[in-house]
Amino acid sequence: MEYKAVPFEQRIRENIKNYTMDNLYPVDALREHLKALAALTGVELLLTDRHGEKIVSIGNFAGFLPDVVGAPGKKIRVCNRTIAHLYVKTDGVEPGREQAVEDTLNAEVEMFSCLGEEAYRHREYAIYMDELEERLGEKHIQTVNGETKDALTGVSHKFHFEERMRAMDAAEVVPVAVINANINDWKYVNDHFGDDESDRLIKTIAGILQKEAKADYEIGRVDGDVFIVLIPMAGDGEAEDYCRRVQADCLAFEDEKLAPSVACGIVYKTNVEEKIADKLPDAEYEMFDNKFEIKNAPGYRERLEKRGR
């Protein structure tokens, strides 16, 4: 969940796990290159993905089962992560050329790694800049127009809510209850009833959050189905009681299609040196714990799916 932009280098470290060889290289051209390399050196080559699935085979590898853990061959790595394995059979290498062929293959693997990293960084940079431009454009439009509310729900939109968090930090208000409220099975509603009903579910949950809140509570919609609620100077049990009321209102909601349900995670900022933004991951963790409990409770699935019949 993205409460703030992820730094580019962190993005580079994390996103490589989502890439495969065909995301980074033109496989047909790679195949022709490996054919030429095999003909030049006398080797047979098998290129697999990180899991051992064949990508290119030059030579006879019938019956050969790649073991990418125990015998990984030559690893092609991009940003310190293995994305492919190159297996080599050297039976056809001319005597006396073994070391020269080995050096050539190692240089080829290094070249593949460098080209893959260059392609990966270029692609991620383009995506990153597009997303950054979109975020800045959205923020600029909302700032110029003086908008503070999310158009769908009427609670604070993400950028205004972030400003409210910073203002509360600057005012050194403690304690602050930080609540992550995440809609359960929003995707189920979207898949079964479409965008209009899934939007109505979001508005319904937002309405319940507002109805049960006191005047000084700050409520923001920070992602599609995620709200954050801040309770300044929260009294003992106040946040817990608020979440219980919200969840009870959801259960009491009667509708032909919607069965609203929300998971809540609560943490506290208790030190003026802390930042509310730094508490958000902990609140999200607590929310997932509550979500697991709710979705495995007796009757939950029946209530949800009854609306889909």
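The values are calculated or read from the model by the stated rules, or taken from the named source; none is laboratory data. As the structure is a computational prediction, the values presented were derived from the model and not from experiment. Reconstructed Cβ throughout: ideal geometry from the backbone, glycine too, with neighbour counts over all protein chains shown. Remember, those area values only see protein heavy atoms, side chains included, never the ligands or the DNA or RNA. Shrake-Rupley method; radii C 1.70, N 1.55, O 1.52, S 1.80 Å.
So for region 178-301, if I pair up every lysine 8 or more residues apart or on another chain, how many of those pairs have alpha-carbons under 25 Å apart? Lysine pair count for region 178-301: 25.
On the accessible surface of the chain, probed at 1.4 Å, how many percent belong to carbon and sulfur atoms?
Details: 8570 of 16890 Å².
Carbon with sulfur: 51 percent of the solvent-accessible area.
Ranked from largest, the principal axis spans of the Cα set of region 262-309 equal 51, 17, 11 Å. Take every Cα pair under 8 Å whose residues are at least 6 apart in sequence, average their separation, divide by the length of the chain, and the relative contact order is 15 percent.
Would you give the gap between the C-alpha center of region 206-256 and the C-alpha center of region 269-309, rounded to a whole Å? What the calculation gives is 12 Å, centre to centre. Looking at the chain alone, DSSP beta bridges between its own residues are antiparallel in about 95 percent of cases. Hydrodynamic radius of the chain by the Kirkwood approach over all distinct alpha-carbon pairs: 23.7 Å.
In percent, rounded to a whole number, the relative contact order of region 1-106 is 26, using alpha-carbon pairs under 8 Å and six or more apart. Per residue, the chain exposes an accessible area of 55 Å² to a 1.4 Å probe, with every protein chain left in place. Working note: Debye formula, equal point scatterers on the alpha-carbon atoms of region 148-246, no solvent; log10 I(q)/I(0) at q = 0.15, 0.18 Å⁻¹ is -0.60, -0.83. Dividing the alpha-carbon radius of gyration of region 193-309 by the rule-of-thumb value 2.2 N^0.38 Å gives 1.12.
For the chain, the list of Cys residues with no other Cys C-beta under 4.7 Å reads CYS79, CYS114, CYS250. Straight-line cross-link partners of LYS89 among the lysines, defined as a Cα under 28 Å from its Cα and at least 8 positions apart when in the same chain: LYS35, LYS54, LYS74, LYS75. Working from Cα pairs under 8 Å separated by at least six residues, relative contact order for region 174-275 is 47 percent.
3J(HN,Hα) along region 247-256, derived from phi through the Karplus expression 6.51 cos²θ - 1.76 cosθ + 1.60 where θ = phi - 60°, amounts to 5, 5, 4, 4, 5, 7, 6, 10, 7, 5 Hz, with x in place of Gly and Pro.
Set the Förster distance to 22 Å, then compute FRET efficiency between ALA167 and ASN271 from the Cβ-Cβ distance, nearest 0.05. It would help to have the intermediate numbers written out before the result.
On the way: r = 17 Å, r/R0 = 0.80.
That gives a FRET efficiency of 0.80.
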